[in-house]
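A.B. asks: Have a look at this one before I ask anything.
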Amino acid sequence: MNSSDVYILAIESSCDETAAAVVKNGREILSNVISSQIALHTVYGGVVPEIASRKHIEKINQVIEEALQEAGVTLQEITAIAVTCGPGLVGALLVGVSAAKALAFALKKPLIGIHHIEGHISANYIEHEELKPPYICLVVSGGHSHLVKVTDYGEYEILGRTRDDAAGEAFDKVARAIGLGYPGGPKIDKVSREGNPEAIHFPRAKVGENEYDFSFSGLKSAVLNYLNTCEMKGEEISQADVAASFQKAVVDVLVEHSMKAVKDQGLRDFAIAGGVASNSHLRDALIAACKKEGVHYYSPSPVYCTDNAAMIGVAGYHEYLKGVRHGYDLNAIPNLRLGEEIYAGK
């Protein structure tokens, strides 16, 4: 083991995945262990915070141990420990933060709190060594829709964000309304392949004050109104057509705003991140749009789009190099905003 190598043990527990990973020098993923709770929450139609927190407590030590074994690295050989401290479900975050603090204290290793969205953005560095700031990144997940200018590693300028429902949240709600259940994103992606995306025209919202901002609440309401109208009239509803038409409305807005940001900022690199970034229709539309505009397109593999600890390890590596360290008073910050400083205690 080279003494100049940096090994980050990363922990992620912001929602319903208990995850740990070991990342070498910010690029090489030695292990990436994910314990998913999807089956647990499916029966409730969404994530139940209390259940998620309890399951994290059960799994956290096992997942960390498995990540170390898979990587062939001991705790003593770890350089620093990175952990998601926000945003997310407060109870879920606390489990990961508490485990990271305990390890950092016992091993006398540096502790680094990481913003969950920064982790998603950093997932692009895993498989694309040529990608370097500055570039535009579209972050789309269950709780977040951000259009971000990445000015440097760990430094961000938010160009636009959702005013109401995030894209992933809208997918979940519409999927539930048309009888697909949870999780909505993958199910709508799959069933929409059998539907006609032009069958129903749903609105594409414009936000007046900031042309980069998103709003999906009106679109969600339009789908619900369409379903109610069909039901009242006794008209047959095509699940596939509704899914495809709704998905196209979301994708159209995401692509339009993304390409406008790339052109306005004069950049030639564009990346996508977050759970919804694994949506095949969104990927295809963005690849086509980037090709048309002569822009380089980057995206993580689907396994690095959904919540995982490898992306937290990559972000942690860059924060470690910048000298970021946090004290044992590091806490879970459920509403942490991207770019907001995480309090560094002594």
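A.B. asks: For the chain, what is the calculated [θ] at 222 nm in deg cm²/dmol (nearest 500), taking -39500 (n - 2.57) for each run of four or more DSSP H residues and dividing by its residue count?
C.D. replies: -13500 deg cm²/dmol
A.B. asks: Let me ask another. Which entries of 24/292; 187/248; 206/263; 190/220; 24/108; 24/101 show an alpha-carbon separation above 26 angstrom in the structure shown?
C.D. replies: 24/292
A.B. asks: Provide the per-residue ³J(HN,Hα) series for region 96-106, in order, calculated from phi with Karplus coefficients 6.51, -1.76, 1.60 and θ = phi - 60°, each as a whole number of Hz, with x at glycine and proline positions.
C.D. replies: The phi angles translate into x, 5, 5, 5, 5, 5, 4, 5, 4, 5, 5 Hz.
A.B. asks: I need the phi-derived Karplus couplings for region 261-267: 6.51 cos²θ - 1.76 cosθ + 1.60, θ = phi - 60°, integer Hz, Gly and Pro marked x.
C.D. replies: Once θ is set to phi - 60°, the couplings for region 261-267 become 5, 4, 5, 4, 8, x, 10 Hz.
A.B. asks: A further question follows. Have a look at the DSSP beta bridges in the chain and tell me what percent are antiparallel, nearest 5. Please list the in-between numbers first.
C.D. replies: On the way: 27 of 44 bridges.
About 60 percent, rounded to the nearest 5.
A.B. asks: If eta is 0.890 mPa s and T is 25 °C, what Stokes-Einstein diffusion coefficient results for region 121-256, Kirkwood Rh from Cα pairs, in µm²/s?
C.D. replies: 153
A.B. asks: Something else: Might you report the magnitude of the Cβ-based charge dipole of region 134-300 about its Cα centre, with Lys and Arg at +1 and Asp and Glu at -1, to the nearest 20 debye? Could you put the intermediate results ahead of the total?
C.D. replies: Numbers: 19 positive and 23 negative charges, 41 e Å.
Using only the charged Cβ atoms, the result is roughly 200 debye.
A.B. asks: Tell me, what ³J(HN,Hα) does each residue in region 187-192 have, in order and in whole Hz, if you take phi through Karplus 6.51 cos²θ - 1.76 cosθ + 1.60 with θ = phi - 60° and put x for Gly and Pro?
C.D. replies: These are the phi-based 3J(HN,Hα) values: 6, 5, 4, 6, 6, 5 Hz.
A.B. asks: Turning to a different aspect of this structure: Taking Cα extents along the principal axes in Å as the quantity of interest, determine which of [x] 68, 46, 33; [y] 93, 44, 40; [z] 91, 59, 35 was computed from the displayed structure.
C.D. replies: Entry [x].
A.B. asks: Which residue, chosen from 44, 245, 334, occupies the Cα position most advanced towards the positive end of the dipole of the chain, where the dipole is computed from +1 (Lys, Arg) and -1 (Asp, Glu) charges on Cβ about the Cα centre?
C.D. replies: Farthest towards the positive end: 334.
A.B. asks: Still on this structure, I have one more. Between residue 28 and residue 76, what is the FRET efficiency for a Förster distance of 25 Å, r being their Cβ-Cβ separation, to the nearest 0.05?
C.D. replies: 0.80
A.B. asks: Could you line up 230, 290 from fewest to most neighbouring Cβ atoms inside 10 Å?
C.D. replies: Ordered by Cβ neighbours within 10 Å, fewest first: 230, 290.
A.B. asks: Given H placed on each backbone N at 1.01 Å, which residues far from residue 135 in sequence or on other chains put an amide H within less than 5 Å of it?
C.D. replies: Under 5 Å from the amide H of residue 135: 150.
A.B. asks: Amide H of residue 216 versus every other amide H placed in the peptide plane: which residues, excluding those fewer than 5 positions away on the same chain, fall under 5 Å?
C.D. replies: Amide H neighbours of residue 216, under 5 Å, 5+ apart: 163, 164, 165.
A.B. asks: Using Cβ counts within 10 Å as a stand-in for footprinting exposure, how do 278, 13 rank, fewest first?
C.D. replies: Sorted ascending by nearby Cβ count, the order is 278, 13.
A.B. asks: Enter the angle in degrees (range 0 to 90, nearest 10) between the Cα long axis of helix 167-177 and the first principal axis of the Cα atoms of the chain, meaning the one along which they spread out most.
C.D. replies: Helix 167-177 and the main axis of the chain meet at about 50 degrees.
A.B. asks: Another question, if that's okay. Based only on other Cβ atoms within 10 Å, what is the fewest-to-most ordering of 259, 232, 311? If you can, show how the numbers build up before the last one.
C.D. replies: Values: 259 18, 232 8, 311 33.
Lowest to highest Cβ neighbour count: 232, 259, 311.
FYI, it's all coordinate maths here, none of it is from the lab. Predicted model only: the values in this text are computed from it and were never measured. Note that we place each Cβ from the backbone using ideal geometry, even for glycine, and neighbour counts take in every protein chain shown.
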